[in-house]
Amino acid sequence: MIWLKNVKTIAQMYKEGLLQAPRQARVKRAPKVELLERISLFQGDITKLRVDAIVNAANKSLLGGGGVDGAIHAAAGPKLLSECRELNGCLTGQSKITRGYDLPAAHVIHTVGPVYSFDSSSGAEAKAEQLASCYKTSLQLALENSLKSIAFPCVSTGIYGYPIEDATHIALGVARDFAESEEGSKLERIIFTIWTQRDKGVYEDLLPLYFPPVVEEEPSDEPTAEAAATPET
Ligand code: ADP
C-alpha cells in the first residue's frame with residue numbers, strides 16, 4: 001500500500017531534478033507555485049494507492065475488462081462488480097462512482113474513455129472532447145463527494161488506442177483548469193499514474209508545460225545588446 005504522503009509532489013520532483021523546467025517557447029500555462037504542491041506524477045500500480053479515489057479506465061458496461069480495469073476489479077474483490085451491476089453502464093465521456101472495497105482507495109471513479117481509431121464515424125475532435133469530459137466528470141465527482149485526492153491512469157491510451165501525447169495534453173489541460181478554478185481548489189492532490197516507460201517519458205516532457213516551475217530567470221547565452229555593441233579591445 002502506498003500512502004499519499006509517500007507520493008512525491010511535482011514541487012519535490014523539480015527540486016530533486018526529476019522534472020526539468022521546459023523551454024519558455026513550449027510553456028502552455030503560467031507558473032503558479034501553489035499548484036506544484038497539488039500535482040503528482042507516480043509510476044506504478046494504481047491499485048496500491050491509498051487515496052480518496054482512483055479512476056478506472058472502464059468500458060461502457062462497467063462490468064470489468066482488461067488492462068487497468070481488470071487490475072482494479074481483481075484488487076477490489078467481487079463486491080465492486082456487484083455494485084457496478086447496479087449502475088446500468090455508463091456513456092462514453094461520463095463517469096460513475098463506487099466504493100473501493102478491498103482496495104486501499106476509498107472509492108473508484110469509473111470513467112469511459114473513447115475508443116480511438118482514425119477511420120471511425122466520429123472524428124478526432126469529438127474523441128478529444130469525450131476524453132476531456134472523462135477527466136472533467138471524474139474531477140467533478142470527486143468534488144461532489146468531498147474527496148481530496150484522486151489518481152488517474154492514462155485513460156483510453158491502452159487497449160482503446162488513443163495516442164499518448166494527444167491524450168496527455170488533454171489530461172493536463174483539464175487538470176490545470178480544474179485545479180486553479182475556485183471549486184477545484186478544494187481538491188488537494190491530483191495524481192497522474194503511469195505504468196509504462198513510454199508514458200513516463202511523455203508525462204515528464206509535457207507535465208512541465210502545464211505546471212511549470214517558478215524559476216529565476218536564467219542567464220542567456222546570447223550577448224546582451226550592450227555587450228554586443230562594445231568593440232573588442
Ligand atoms: P483503455 O481501454 O482505456 O485504453 P487500458 O487499461 O488498456 O485502458 O489502459 C489504460 C492505461 O492504464 C494504460 O496506460 C496502461 O498502461 C495503464 N495500466 C494498466 N494497468 C495498470 C495499473 N495496474 N496501474 C496503473 N496503470 C495501469
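Please treat every number below as a calculation from the coordinates, not as lab data. As the structure is a prediction and not an experimental result, all values here were calculated from the model. Backbone-built Cβ (ideal geometry, glycine too); neighbour counts: all protein chains shown.
The residues in the stretch 43-71 that are closer than 19 Å to G158 by Cα and crowded, with 20+ Cβ neighbours inside 10 Å can be counted, and the count is 11. Checking the structure you have, find out if any residue of the stretch 109-123 is in contact with a Leu (Cβ under 9 Å, 6 or more places away or on another chain), surrounded by 18 or more Cβ atoms within 10 Å (Cβ to Cβ), assigned to a loop (DSSP other than H, G, I, E, B) and among the small types (G, A, S). Among the residues of the stretch 109-123, at least one is in contact with a Leu (Cβ under 9 Å, 6 or more places away or on another chain), surrounded by 18 or more Cβ atoms within 10 Å (Cβ to Cβ), assigned to a loop (DSSP other than H, G, I, E, B) and among the small types (G, A, S), which makes the answer yes.
Identify all residues within the stretch 133-151 that are aliphatic (A, V, I, L, M) and surrounded by 19 or more Cβ atoms within 10 Å (Cβ to Cβ); write none if there are none. It would help to see each step written out before you state the result.
Initially, the stretch 133-151 is screened for residues aliphatic (A, V, I, L, M), giving 139, 141-143, 147, 150-151.
Listed by number, the residues that qualify are L139, L141, A142, L147, I150, A151.
Quick check: is even one residue across the stretch 171-190 part of a strand (DSSP E or B) and either of a type outside the set (S, T, N, Q) or more than 20 Å from I97 (Cβ to Cβ) (or both)? Yes, the stretch 171-190 has at least one match. From the list L131, L147, L141, the lone residue that is farther than 14 Å from I39 by Cα, assigned to a loop (DSSP other than H, G, I, E, B) and among the aliphatic types (A, V, I, L, M) is L147. Beta carbons closer than 7 Å, at least 6 apart along the sequence or on distinct chains, never pair a first residue in the stretch 144-160 that is without any contact (Cβ under 8 Å) to a residue 40 or more places away in the chain with a second that is within 14 Å of the ligand (Cβ to nearest atom). Taken together, V115, V51, V68, V108 contain a single residue that is out of contact with any Gly (no Cβ under 9 Å at 6 or more places or on another chain) and within 16 Å of the ligand (Cβ to nearest atom), which is V51. For beta carbons closer than 7 Å, sequence separation of 6+ or different chains, a first residue in the stretch 191-207 that is touching a residue at least 12 places away in the same chain (Cβ under 8 Å) and of a type in the set (D, E, K, R) and a second that is more than 10 Å from the ligand (Cβ to nearest atom) and not in a strand (DSSP E or B), the qualifying pairs are E204/L19.
Residues of the stretch 1-42 that are within 16 Å of the ligand (Cβ to nearest atom) and either assigned to a loop (DSSP other than H, G, I, E, B) or loosely packed, with under 14 Cβ neighbours inside 10 Å (or both): M1, V7.
Return the only residue of L81, L63, L91, L87 being out of contact with any Pro (no Cβ under 8 Å at 6 or more places or on another chain) and outside any loop (DSSP other than H, G, I, E, B). It would help to see each step written out before you state the result.
Values: L63 fails: outside any loop (DSSP other than H, G, I, E, B); L91 fails: outside any loop (DSSP other than H, G, I, E, B); L87 fails: outside any loop (DSSP other than H, G, I, E, B).
The unique qualifying residue is L81.
Out of A167, A142, A151, which single residue is more than 16 Å from the ligand (Cβ to nearest atom) and of a type outside the set (S, T, N, Q)? Working first, answer last.
Details: A167 fails: more than 16 Å from the ligand (Cβ to nearest atom); A151 fails: more than 16 Å from the ligand (Cβ to nearest atom).
The match here is A142.
Looking at the stretch 79-86, is at least one residue among the hydroxyl-bearing types (S, T, Y), more than 21 Å from R198 (Cβ to Cβ), free of Cβ contacts under 8 Å to residues at least 60 places away in the same chain and within 16 Å of the ligand (Cβ to nearest atom)?
no
Taking the stretch 191-201 as the search range and keeping residues that are in a helix (DSSP H, G or I) and surrounded by fewer than 20 Cβ atoms within 10 Å (Cβ to Cβ), which one is farthest from the ligand (Cβ to nearest atom)? Among them, the one singled out is G201.
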